[in-house]
Amino acid sequence: MSKPTYILGLSCYYHDAGVVLLKDGNIVFAAQEERYTRKKQDDRLPVSATAKALGFAGITIDDIDAVGFYEKPMLKFFDRILSTYFKTWPLGLRQYQMAMQEWMHTKLWIPQQIEKELGYKGKIFYVQHHESHAASSFYCSGFEDATTVTVDGVGEWATTTIGYGKGKKLDLKKEIHFPHSLGLLYSAITYYIGFKVNSAEYKVMGLAPYGEPKYVDQFRELITIKDDGSFNLNMKYFTYEHGLKMTGKKIETLFGQPTRKPESDLTQFHKDIAASVQKITEEAMLKICKHAKEICPSDNLCLAGGVALNCVANGEILRSGLFKDIFIQPAAGDAGGALGVALSIWHKKFDGQRSPRINDVFWGTEYSDDAIRSLLDAEGLPYESLDESTLIDRVSSLLEGENVIGWFQDRMEFGPRALGNRSIIADARNKANWKKVNLKIKFREDFRPFAPTVLEENTSEYFALDCESPYMLLVADVHPEKREVIPAVTHVDGSARIQTINEAQNPKYYNLIKAFREKTGCAVIINTSFNVRGEPIVESPEDALNCFLNTHMDYLVMGNILIEKSKMPADRILQSGDYLQKFELD
């Protein structure tokens, strides 16, 4: 029997560091570093996540046959970064000095860092950033052939690519280069509205339905979009080439208002700006995808890159009918680059076989009921240990009404969305749950919408969607007659960011919602990530318990163990508000 081939994919040193472990081309483990370090969007070499991956597989670093890095750092630094700073000299002097210090100490010496921190001394392969993105989607899609589109902030030079995959072969055919970037345009407006860049772009997407696209004409001064989807940014309005901020005074003059200070009031102006940048993004994405089909024709489309997390634009592409089938890589941002580089190495260096379409992304760590009980016993906290059928019956009843429940199960999801194993769940029929979960559980802005999880077989009963959406990456309208039935997941424009679920993907979560449907007639619940503002999604029972005790969550379910807030010792709950204060100014 031949020795299995292990490949480790790494993404790091920008944001959302991640690791993926393949065994003979199959995904064994995948996770973001932030889940273990508890530093949101941790960009460091994923030492902790790699240790978890190796431990899960029962191997050591010496068993790894190849390591892949999700971009080519020398090309990025010496070609793009330094040439950009010299082009904008002397405006880019400060950035140049910071970049030299950072890269010379860490990023230029990636092989040495991997050897020092991970103990790996073997071959390291480097794949260009957008090729990693494209590979992460195409090789997971199950398509024999597909058009590929990747859109993000920037890799080495590329910010947008069009490509074609067939069988094991994947080629990028066309690129748009930095500084012209749809992702950086969206991030610049995120900054202008007063949110955190590379972290809060989804807030802009959630804010957009509260506004009207009144500033589209001004945005056409910022970006020129051609019929073939190519675009140019008017760089006099942006400062990211040479400064430490995304925008400056000129964009404030264009829109007639200053950059919003974080945590200050959101006005209708900010909502209209959000609606306008969302409109422009959708227009550009549609044109890019239309041109992609023309030059790389296929009935199938694979999307990846950070902009592929814009589920509103994804919904527009789906409804355009350009493609018969669309696959969006669920960890579409930089963490997913680790998946792409690992799969690219498997197919191009090892001539490995293609795998079927992925059925889920539950590729992280898991904890046994025994481990959970040991924690609760050590903490001196009361709990009930139930069999699974009794648990499903109890929790499906507890979901009715205003109870908010932490749901911690099995292996952790890979990517930015909680999909039923590290989730906070509640009754979608209760409109009050929207504000309760936002303000008392998540400690976040009250405009933020919640996603529904719906049983796949009931999807068309509630939503204008006729395909699966297992990764919460498509937005569709809630049927008008259902908007008052499930108000807690219906956004102000009548839409919802949908997660469909079938029994094969997640049997326990599916059976919980099925039991809820049998009791209430409703096949939809609220599903939001198990964390509070400013923190990564919980990884361990300790993380889940900490979040539960320090929020207004009513119940916590970990494995087959049920914990009730009303039975917790008074001195263990909300702990003098320290936990809340930590996130007030994030």
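All of the numbers you see were taken from the coordinates with simple rules; none came from a lab. Keep in mind that this is a model prediction, so the values were computed, not measured. Using ideal geometry, Cβ is built from the backbone for each residue, glycine included, and neighbour counts are taken over all protein chains shown.
Here are the numbers for the structure shown:
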{"item": "Taking all pairs of distinct alpha-carbon atoms in the range 151-328, Kirkwood radius in angstrom", "result": "16.7 Å"}
{"item": "Cα-centred dipole magnitude for the range 151-328, charges only on beta-carbon of K, R (+1) and D, E (-1), debye, nearest 20", "result": "140 debye"}
{"item": "Residue order, fewest to most surrounding Cβ atoms within 10 angstrom, among 109, 407", "result": "109, 407"}
{"item": "Size of charge dipole - the range 384-424 - debye, nearest 20, with Cβ of Lys, Arg +1 and Asp, Glu -1, no other charges", "result": "280 debye"}
{"item": "Under 24 Å, Cα to Cα: Lys pairs in the range 439-586, sequence gap 8 or more or different chains", "result": "12"}
{"item": "Cα gyration tensor shape for the range 346-436, rounded if a/c is under 1.5, else prolate or oblate", "result": "oblate"}
{"item": "GluC sites (Glu not before Pro) lying in DSSP loop within the range 474-528, provided at most 16 other Cβ fall within 10 Å", "result": "484, 503"}
{"item": "Under the span-like rule (Cα at least 27 Å along the axis, Kyte-Doolittle mean at least 0.0), DSSP H helices of the chain", "result": "none"}
{"item": "Dipole moment magnitude, nearest 20 debye, the chain about Cα centre, only Lys, Arg, Asp, Glu C-beta charged", "result": "1540 debye"}
{"item": "Positive-pole candidate from 516, 136, 472, dipole of the chain, charges at beta carbon", "result": "136"}
{"item": "Above-threshold pairs, the threshold being 23 Å between Cα atoms, out of 39/436; 116/168; 39/349; 72/121", "result": "39/436; 116/168; 39/349"}
{"item": "Among (i) -0.40; (ii) -0.66; (iii) -0.52, the entry derived from the coordinates for log10 I(q)/I(0) by the Debye sum over Cα atoms at q = 0.07 Å⁻¹", "result": "(i)"}
{"item": "Residue-averaged 222 nm ellipticity for the chain, from DSSP H runs of 4+ at -39500 (n - 2.57), nearest 500", "result": "-9500 deg cm²/dmol"}
{"item": "Order by protection proxy (mean Cβ within 10 Å, highest first), peptides 323-331, 335-343", "result": "335-343, 323-331"}
{"item": "Area projected by the alpha carbon convex hull of the range 369-581, averaged over all directions, nm²", "result": "11.0 nm²"}
{"item": "Selected from 558, 525, 326, residue furthest toward positive end of dipole (the chain; charges at beta carbon)", "result": "326"}
{"item": "Residue order, fewest to most beta carbons within 10 Å, for 288, 573", "result": "573, 288"}
{"item": "All aspartates and glutamates inside 12 Å of residue 226 as judged from Cα atoms, apart from same-chain residues fewer than 8 positions distant", "result": "283"}
{"item": "Inverse mean reciprocal Cα-Cα distance (Kirkwood Rh) of the range 247-355, Å", "result": "17.0 Å"}
{"item": "If the convex hull is drawn through the Cα atoms of the range 301-346, its volume per residue in Å³", "result": "64 Å³"}
{"item": "Residue among 374, 306, 110 farthest towards the positive dipole end of the chain, charges placed on Cβ", "result": "110"}
